[in-house]
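Chemist: Mind having a look at this structure? Questions to follow.
The values are calculated or read from the model by the stated rules, or taken from the named source; none is laboratory data. Keep in mind it's a predicted model, so treat the numbers as computed, not measured. Here the Cβ positions follow ideal geometry from the backbone for every residue, glycine too, while neighbour counts run over all protein chains shown. Note: accessible area is taken over every heavy atom of the protein model, side chains too, but ligands, DNA and RNA are not part of it. Shrake-Rupley method; radii C 1.70, N 1.55, O 1.52, S 1.80 Å.
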Amino acid sequence: MLTEHTQELYLEKTALSALAQRYGTPLYVYSQQALDNALAAYRTAFAALNPLICYAVKANGNLSILRRFAEQGCGFDIVSGGELARVLQAGGAAERTIFSGVGKSRAEIEFALRSGIRCFNVESLPELDRINQIAGSLKVRAPISLRINPDVDAHTHPYISTGLKESKFGIAYDDALAAYRHAASLPHLDVQGIDCHIGSQLLEIAPLIEACERIVHLADVLAQDGIALSHIDLGGGIGIRYRDETLPDLQAYADAVQAIIGERPLSLMLEPGRSLVGNAGVLLTQVEYIKRGEAKDFVIVDAAMNDLMRPALYQAYHEIVPIRRKDIAPITADVVGPVCESGDFLGQDRTLAVEAGDVLAVKSAGAYGASMASNYNARPRAAEVLVDGENTRLIRRRESMEDLWACEMA
Ligand SMILES: *Cc1c(COP(=O)(O)O)cnc(C)c1O
């Protein structure tokens, strides 16, 4: 959705320079068309399976983004009571919401049960017992799925690889049958499904397909054991293009899943996060200073690791471009923020034709950008804007100084 006209970058039909001018920087900007297209790509690829697509709210939980997906019938994958509250506040349907995560508290489980969520993706035996007990006290049956660790190597960054034996996530493949038997023995649980999520920013479909095979095989084993499941949930994890990555083929993945499921009476759920929002957003930031260092030069900008943590956290690469092309000599420099940490960079060794006052676009910032933002260094969080053609709407106002201490007592 990013295009260039007359040396200026546009998101849809809106010049980024106009947005920076109107709303200030740092500023997150999202394309509604890009959100819609990304969801439609899943719908198209998986059309034959009619899956319940549960957007992973943690990638970007802005209410307007959730509402946009909810209006298109999307479900949600949540990992906290706060995310459930966001989904409900945005008009999302509890009956299309599934609850993942290793540490669900009693209060969160009760909230989810009272709200009538679709399913708990359970990650351990003690969690099964806890949900059973709370469901009993509420006189309901809790719909559950077990997150099984298929033990496939997702070939991604170790911090975002979750399907290996060493991971804190899920239940070991070899322990699955025993865990399901235990679940089936608990009176207040309704055992419905099986789920997995092997990692994030996956660029190959082979591990996803392998995980699907192993999960469906387990569903067969369970059916023979008298535990008939009604759905499988293959998680999220499809990668996006940050730089020059070759993208996984969604249609090939969908076709493989369809072939594996075959005639089994299993419905499909998916939990995409990054691939629905990542390339729909950019972070606009203004250059404060060009600092010539002894060994290195720096482009010091007004966005920092508190606004976009991925570079500092995962050494993630985000393309950075000036929003207006200039005929000046480029410099090679690290693009850094004002935060007092050496790890506070948005990009390293970038060649940019920029001067102080120019605005840069940090690309592919729609996922795990605003949702991971903090107030570190007492920096008010950035505003967020949704673009639809030439229309723009503020979907989160910039935080004020008072917001910084709104919860504190002096
Ligand atoms: C983070 C997460 C997702 C979404 O992952 P993406 O890589 O953003 O698609 C889906 N399911 C679970 C359980 C997760 O933890």
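Chemist: Within the group Glu384, Glu399, which residue is part of a strand (DSSP E or B) and within 25 Å of the chain's Cα centre (by Cα)?
Modeler: Numbers: Glu399 fails: part of a strand (DSSP E or B).
None of the others qualify; the one that does is Glu384.
Chemist: Here is a further query. Consider only pairs whose beta carbons are under 8 Å apart and that are at least six residues apart or on different chains; among these, list those whose first residue lies in the stretch 373-386 and is touching a residue at least 12 places away in the same chain (Cβ under 8 Å) and whose second residue is of a type in the set (Val, Ile, Thr) and not in a strand (DSSP E or B).
Modeler: Within 8 Å, the pairs are Tyr376/Val339; Asn377/Val339; Arg379/Val339; Ala382/Thr25; Leu386/Ile65.
Chemist: While we're here: In the stretch 51-101, what residues are polar (S, T, N, Q) and more than 14 Å from Asp233 (Cβ to Cβ)?
Modeler: Asn60, Asn62, Ser64, Gln72, Ser80, Gln89
Chemist: Give the stretch 329-344 a look and list any residue that's open to solvent by 60 Å² or more (accessible area, probe 1.4 Å) and closer than 12 Å to Glu355 by Cβ, or say none. It would help to see each step written out before you state the result.
Modeler: Pass one, the stretch 329-344, residues open to solvent by 60 Å² or more (accessible area, probe 1.4 Å): 329-330, 332, 338, 340-342.
Those that are open to solvent by 60 Å² or more (accessible area, probe 1.4 Å) and closer than 12 Å to Glu355 by Cβ: Ala329, Pro330.
Every residue, every condition in (1) hydrophobic (A, V, I, L, M, F, W, C); (2) open to solvent by 20 Å² or more (accessible area, probe 1.4 Å), yes or no:
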| position | (1), (2) |
| --- | --- |
| His197 | no, yes |
| Gln201 | no, yes |
| Pro207 | no, no |
| Ala211 | yes, no |
| Val216 | yes, no |
| Asp225 | no, yes |
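Chemist: Give the residues of the stretch 318-353 that are in contact with a Lys or Arg (Cβ under 7 Å, 6 or more places away or on another chain) and under 25 Å from Tyr376 (Cβ atoms), sorted by residue number.
Modeler: Hits for the stretch 318-353 are His318, Glu319, Ile320, Ala333, Asp334, Val335.
Chemist: Any residue at all in the stretch 48-71 that is open to solvent by 60 Å² or more (accessible area, probe 1.4 Å) and within 26 Å of Ala256 (Cα to Cα)?
Modeler: yes
Chemist: Among the listed residues Glu263, Glu288, Glu294, which satisfies the condition of being open to solvent by 60 Å² or more (accessible area, probe 1.4 Å) and at pLDDT below 95?
Modeler: Being open to solvent by 60 Å² or more (accessible area, probe 1.4 Å) and at pLDDT below 95 holds for just one of Glu263, Glu288, Glu294, which is Glu294.
Chemist: Out of the stretch 355-372, which residues are more than 16 Å from the ligand (Cβ to nearest atom) and open to solvent by less than 20 Å² (accessible area, probe 1.4 Å)?
Modeler: In the first step, residues of the stretch 355-372 are kept if they are more than 16 Å from the ligand (Cβ to nearest atom); the result is 355-363.
Result: Leu360, Ala361, Val362.
Chemist: Of Glu123, Glu83, which residue is closer than 29 Å to Asp174 by Cβ and surrounded by 16 or more Cβ atoms within 10 Å (Cβ to Cβ)?
Modeler: The unique qualifying residue is Glu123.
Chemist: Please pick out the residue among Ala20, Ala40 that is part of a helix (DSSP H, G or I) and touching a residue at least 12 places away in the same chain (Cβ under 8 Å).
Modeler: Ala20
Chemist: Between residues in the stretch 172-198 that are free of Cβ contacts under 8 Å to residues at least 60 places away in the same chain and residues that are within 16 Å of the ligand (Cβ to nearest atom) and of a type in the set (Lys, Arg), which pairs lie under 9 Å by C-beta distance while being six or more apart or on different chains?
Modeler: Ile194/Arg147; Cys196/Arg147
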